[in-house]
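K.L.:
What follows is a structure written as structure tokens; I'll ask about it next.
Coordinate-derived values only; no laboratory data. Remember, predicted model here, so these are calculated numbers, not experimental data. Note that each Cβ is placed from the backbone with ideal geometry, even for glycine, and that neighbours are counted across all protein chains shown.
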Amino acid sequence: MVTRPSRELTRRSFLELGLASLAACALPRGSAPAPPGRPRPSASQLRWQRDELAMFLHFGVNTFTDREWGDGREDPAIFAPSRLDAMQWARAARDAGFRALVLTAKHHDGFCLWPTSTTRHSVASSPWRDGSGDVVRELTDACRATGLRAGLYLSPWDRNHPSYGDSPRYDDVYVAQLTELLTRYGPVAEVWFDGANGEGPDGRKQVYDWPRIWGTVRRLQPGAVIFSDAGPDVRWCGNERGVAGDPNWSTVDPAAVPYPGADAPGVGDALQHGDPHGSVWRPAEVDVSIRPGWFHHASEDEKVRGVENLVELYFTSVGRNGKLLLNVPPTRDGLLHPTDVARLTAFRAARDELFAHDLAVGARRSVGRDGSVTLELPRAATVGVARLGEDIARGQRVARYALEGAGDSGAWRTLAEGTTLGHAKLDRFPPATVRRVRLRILEAVGVTHPPTIALFA
Ligand code: FUL
């Protein structure tokens, strides 16, 4: 049986914890005075966004109990993947055009996929590799071998550890776990702090020391981006359906979502849309599963998203200035399921086909005083997809645009209209044969830099 609790419920209970405000968080980026002008991404944020695609791997005791959330009472002996091969995960991801893997090093059940000194509830107590296995090591080695970046999810909520809910004691444990993860395995590109949370034993409520936790990441892996509802580097997009906001600003007001799991009025909108006047750069990550659940359940083997659905996800995530973190969960064998791998291959082939020929290559490009960009194509072409983008290294500015097309002499007609551009905006529209294409900037925050335009059939 698959049990799948609602995240909404637990997100609310997290709010009730009354966490201290993070306004005073002494972090390099969050606390620095806003630089003059528009916020811009750090080198790590830019790299993270340009990767466009990362693969999420939910794996752990739930894989063996057929549950979505474990209760922490699982026997470590059940963790026994028969053929675990992290290279199979990494190759499937790389071959499908993904640039990073993010593994659930620990989910809410508290079972650690690496041998930790903080608890016996780990792979070290399992029969897998005779108790000397380390999934985090195998994942990070596979990332290095395939040129992918590694990311780690360490659930704050821990339903196993006896100190959970005894705030300073658990903070010590949590920081010790992070320290192990961030010092033993080489570079880690992303650290993922989930927003779901709940009470500890006897209803005890954990009050996290987020500044200390995030400060630990900064100190040990200064090149990593930190993900949570509240960033500080990368924010949750506000849903698990694979849909970034429209508009989607990479700038935010940090006070709108002050800590992970905050649930005040307006949080949902702030996560989805960002804020055109926000003082901090915090782009949206779109996490969604290729299956109904996050963990593998054999009962869902027939419910893997089809290629059209995956392409649609690409449009609503990467194509809306987001980063797609697509979950593909390993099975009890410790391998990605053949159906999922086949869908990933088809997803790659569909993107390759769709974006094979940029019909704007060779076009004569002119920029008007109002910032609009006109392309004169080398020959008439039938276009049905556009990829627009700003040079986000210089920030994000476009708030509303219209893409228009015209024949050699005919009048302009609208192909697509939209709000924000950011790193990438993908539009699909009824195919039109055009010789000229014009992108008009109808609203912007400040002076725009001329966006890029690529056109496809
Ligand atoms: C949620 C968790 O409760 C789910 O189990 C999953 O890990 C998802 C990515 O985040 O908050």
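K.L.:
For a quick check: sort Tyr153, Tyr401 by the number of other beta carbons within 10 angstrom, fewest at the front. Intermediate values should be presented prior to the final figure.
P.N.:
Numbers: Tyr153 20, Tyr401 26.
Placing the least packed residue first, the sequence is Tyr153, Tyr401.
K.L.:
How do His449, His357 line up, fewest other C-beta atoms within 10 Å first? Working shown, then result.
P.N.:
Values: His449 16, His357 13.
Taking fewest neighbouring Cβ atoms as first place, the list is His357, His449.
K.L.:
Summing Lys, Arg as +1 and Asp, Glu as -1, what charge do residues with Cβ under 13 Å from the Cβ of Ala77 carry, Ala77 excluded? Kindly include the intermediate steps, with their values, before the conclusion.
P.N.:
Numbers: positive: Arg73, Arg120; negative: Glu74, Asp75, Asp130.
Net local charge, Ala77 excluded: -1.
K.L.:
Turning to a different aspect of this structure: So which trypsin sites (Lys or Arg not before Pro) in the stretch 93-202 pass both tests, a DSSP loop state and at most 15 other Cβ atoms within 10 Å of the Cβ?
P.N.:
Numbers: sites: Arg94, Arg99, Lys106, Arg120, Arg129, Arg137, Arg144, Arg149, Arg159, Arg169, Arg184; in loops: Arg99, Arg120, Arg159.
Here the trypsin sites (Lys or Arg not before Pro) that fit, given the DSSP loop and packing criteria, are Arg120.
K.L.:
Between Ser299 and Ser132, what FRET efficiency follows from the Cβ-Cβ distance if R0 is 30 Å, with the result rounded to 0.05? Walk me through the intermediate numbers first.
P.N.:
Working: r = 32 Å, r/R0 = 1.08.
Efficiency, from the Cβ-Cβ distance: 0.40.
K.L.:
Something else now. If you average the sequence gap of Cα pairs under 8 Å that are 6 or more apart and divide by the length of the stretch 324-402, what percent do you get for the contact order? Working shown, then result.
P.N.:
Details: 33 pairs, mean separation 11.5, N = 79.
Normalised by residue count, the contact order of the stretch 324-402 is 15 percent.
K.L.:
How far is helix 307-316 tilted off the main Cα axis of the chain, in degrees rounded to 10, range 0 to 90?
P.N.:
For 307-316 against the chain, the angle is about 80 degrees.
K.L.:
Of the cross-linked pairs Lys303/Lys323; Lys303/Lys425; Lys205/Lys323, which ones have a Cα-Cα span greater than 27 Å in the structure shown? Numbers along the way, then the final one.
P.N.:
Details: Lys303/Lys323 24 Å; Lys303/Lys425 29 Å; Lys205/Lys323 32 Å.
Pairs exceeding the cut-off: Lys303/Lys425; Lys205/Lys323.
K.L.:
Something else about it: Using a simple spin-label model with points 7 Å from Cα along the Cα→Cβ vector, what separation in nm is obtained for Ala356 and Asp75?
P.N.:
Once both label points are built, they end up 5.5 nm from each other.
K.L.:
With the contact rule set at Cα under 8 Å and sequence spacing of 6 or more, what percent relative contact order holds for the chain?
P.N.:
The normalised contact order for the chain reaches 17 percent.
K.L.:
Here's another thing I want to ask about it. Between Arg144 and Asp263, what FRET efficiency comes out of the Förster formula 1/(1 + (r/R0)^6) with R0 = 60 Å and r the beta carbon distance, rounded to 0.05? Provide the component values of the computation, followed by the final result.
P.N.:
On the way: r = 38 Å, r/R0 = 0.64.
E between Asp263 and Arg144, to the nearest 0.05, is 0.95.
K.L.:
For Glu240 and Ser117 in one chain, what is 0.36 nm times their gap in residues minus the Cα-Cα distance, to one decimal in nm?
P.N.:
On the way: separation 123, 0.36 × 123 = 44.28 nm, distance 3.30 nm.
Between Glu240 and Ser117, full extension yields an extra 41.0 nm.
K.L.:
Right, next: Rounded to the nearest 0.05, what FRET efficiency do Asp85 and Arg219 have when you use their Cβ-Cβ distance and R0 = 30 Å? The partial results should precede the final answer.
P.N.:
Working: r = 33 Å, r/R0 = 1.11.
The calculated FRET efficiency here is 0.35.
K.L.:
Under a point spin-label approximation (7 Å from Cα along Cα-to-Cβ), what is the Arg428-Ala411 distance to one decimal in nm?
P.N.:
Inter-label distance under the simple model: 2.9 nm.
K.L.:
For a quick check: sort Ser228, Ser372, Ser366 by the number of other beta carbons within 10 angstrom, fewest at the front.
P.N.:
Values: Ser228 25, Ser372 19, Ser366 12.
The most exposed by this proxy come first: Ser366, Ser372, Ser228.
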